[in-house]
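Since the structure comes first, as C-alpha cells, the remarks are kept for the end.
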Amino acid sequence: MMFIKTFHKLDKRSVKEAGGKGASLGEMTQAGIPVPPGFVVLASAFDQFLEETDLDSDIEAILKKVNHQDVNSVDKASNEIRDLILDAAMPKDLQKEILEHFKKLKAKFVAVRSSATAEDSKTASWAGELETYLNTTEKNLLANVKKCWSSLFTPRAIFYRFEKKLHNKPVSVAVVVQAMVQSEISGICFTVHPVTKDYNQMVIEAAIGLGEAIVGGQVTPDTYVVHKNDFSILDINVSEQAFYLKLNPKGGLIRANKRITKQKLTGKQIVEIAKICKKIEAHYKHPQDIEWAYYKGRFYITQSRPITTL
C-alpha cells in the first residue's frame, strides 16, 4: 500500500488521499506554478496507524461520550485522544519511508502541515482548525507528523466536526511535508476584493519575514489593490511593522524586533505576484485565497484555497 506521494503525483482529484492542501499543492505543481517541492504522508498512513495501534476504537468511544456544548467535555476528549496518538509508536516501515522522502528533498528545514481530507471543499473549510509546524528538522520530523495527525482532534476541530455534522462521517488527515522557504517577504493574495467583492480587483498583502505573523494576525501587512485586466496598481497602503519572524537555525521561529516603515514590495514585484495569482485563479476557475513567499528574487506559492465567503 502506498503511504507517500510527491506533489508531482497528486492533483485536485486527490483530496480523499492527500487532503485539501496536499491536493492543491499537487495540482499547482502539475500546472507549472512555482511551488516549493514536497510530499504528502497520505491519509491511508494515518488510518493504518490507527488500525495497527487499535486506537480507532478508543477514539470512537471517547468521541461518543462528548457533549459538544460543554467546553470541558470537548477539552477533556481532545487531551485524551491527542495523548493516545502521541504516545503510540508509528509503524517502522512508515517511519523509514518518511525519512527516505525527507532526504530526497535535500532541505535542512521543512514545513509540516495538516491536511484534512474533508478540507477546503466549498461547504466545510477546515482552514485554521489544524496545525502547522514550520522549520522542522529531520530530528523532530516524525514527532511533528504525529502532532499533525493528533490536531484532527483539537478542541476546535472536535467542536467543528459536531457543528458541521461530520462526527459520524470518516474524517482523516494527511500531512504535507514541504521544503521550507525562508521568506524575506511573505503574504496573502485574494483574487477577488474581499471587502467590495469586486471581481476585477485583487488584493495583495505583504509583510517582512515568515508568513505566520500575517496569518496569525500579529502584524499589519502592506495592502496593494491591483486591477486584474491590465495589472495597474490602484492603491498602495504601507503599514509599519514592529517585528518579523525568522528562522531559528536550531529549528522553530524567532521574533526579530525591528521597526520597518518602508514599502514591502516594489511596483514591479506587486505586478509579478499578481500575474502568478491570476494564473492560479484562471486554473481553478474560482476566486482563490493564496499564500505566497519571496526568497532570493523568486516568488513561491505555499497554499491556495477557494474563497468561501463570496
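Bear in mind that the values in this text are calculations on the coordinates, not laboratory data. None of the values given here were measured: they were computed from a predicted structure. Cβ coordinates were reconstructed from backbone atoms using ideal geometry, including for glycine residues, and neighbour counts include every protein chain displayed.
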Practice problem: Rounded to whole Hz and in sequence order, give me ³J(HN,Hα) for segment 11-23 from the Karplus expression 6.51 cos²θ - 1.76 cosθ + 1.60, θ = phi - 60°, writing x for Gly and Pro. | Solution: 8, 5, 7, 8, 4, 5, 9, 10, x, x, 5, x, 4
Practice problem: Using θ = phi - 60° and the Karplus relation 6.51 cos²θ - 1.76 cosθ + 1.60, list the HN-Hα couplings for segment 169-183 in order, rounded to whole Hz, with x at every Gly or Pro. | Solution: 9, x, 10, 10, 9, 9, 10, 8, 10, 9, 3, 7, 9, 7, 4
Quiz item: Given segment 185-306 reduced to its alpha-carbon atoms as identical point scatterers, what log10 I(q)/I(0) does the Debye formula return at q = 0.17, 0.21 Å⁻¹?
Solution: -0.82, -1.20
Self-check item: Furthest towards positive pole of dipole, Ile301, Val74, Leu142, structure part the chain, Cβ charges
Solution: Ile301
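Determine, for Leu247, Leu10, the number of other Cβ atoms within 10 Å of each Cβ, and report the residues in order from fewest to most.
Ranking Leu247, Leu10 by Cβ neighbours within 10 Å, fewest first, gives Leu247, Leu10.
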Quiz item: Along its principal axes, what span do the Cα atoms of segment 4-179 show, with the longest given first and each in whole Å?
Solution: 45, 35, 25
Quiz prompt | Placed amide H near Ile4: partners under 5 Å, 5+ positions off or other chain | solution = Leu42
Quiz item: Going down the list Lys64/Lys250; Lys165/Lys275; Lys5/Lys268; Lys9/Lys285, which pairs span over 30 Å between their C-alpha atoms?
Solution: Lys64/Lys250; Lys165/Lys275; Lys5/Lys268
Quiz item: Residues with amide H under 5 Å of Met180's amide H, sequence separation 5 or more or different chain, H placed in the peptide plane at 1.01 Å from N; which?
Solution: Phe109, Val110, Ala111
Practice problem: Compute all pairwise cysteine Cβ distances in the chain, then list the cysteines with no distance under 4.7 Å to another cysteine. | Solution: Cys148
Practice problem: Measure nothing but the geometry: give the 0 to 90° angle between the long axis through the Cα atoms of 141-150 and the longest principal axis through the Cα atoms of the chain, rounded to 10°. | Solution: 80 degrees
Practice problem: Rounded to whole Hz and in sequence order, give me ³J(HN,Hα) for segment 299-310 from the Karplus expression 6.51 cos²θ - 1.76 cosθ + 1.60, θ = phi - 60°, writing x for Gly and Pro. | Solution: 8, 10, 9, 9, 6, 8, 9, x, 6, 9, 9, 7
Quiz item: Any idea what angle helix 92-105 forms with the longest principal axis of the chain, computed on alpha-carbon atoms, 0 to 90 degrees, nearest 10?
Solution: 20 degrees
Practice problem: Take the alpha-carbon positions of segment 143-256, form their convex hull, and give its projected area averaged over all directions (one quarter of the hull surface) in nm². | Solution: 10.3 nm²
Exercise. Express the Stokes-Einstein translational diffusion coefficient of segment 268-310 in µm² s⁻¹, to the nearest whole number, given a Kirkwood radius over alpha-carbon pairs, 37 °C and a viscosity of 0.692 mPa s.
Key: 301 µm²/s
Quiz item: At what distance in angstrom do the alpha carbon centres of segment 279-299 and segment 176-225 lie from each other?
Solution: 10 Å
Quiz item: Non-local amide H neighbours of Ile185 (under 5 Å, H modeled in plane, Pro and chain starts lacking H): which ones?
Solution: Gly209, Tyr294
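Which of Tyr284, Tyr295 comes first, and how do the rest follow, when ranked by fewest Cβ neighbours within 10 Å?
By the 10 Å Cβ count, ascending: Tyr295, Tyr284.
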Quiz item: Gaussian network model of the chain, Cα springs within a sub-10 Å range: biggest mean-square fluctuation belongs to which of Ala293, Ala207, Ala77?
Solution: Ala77
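In percent, what relative contact order does the chain have, based on Cα pairs under 8 Å that are 6 or more apart in sequence?
Relative contact order comes out at 19 percent.
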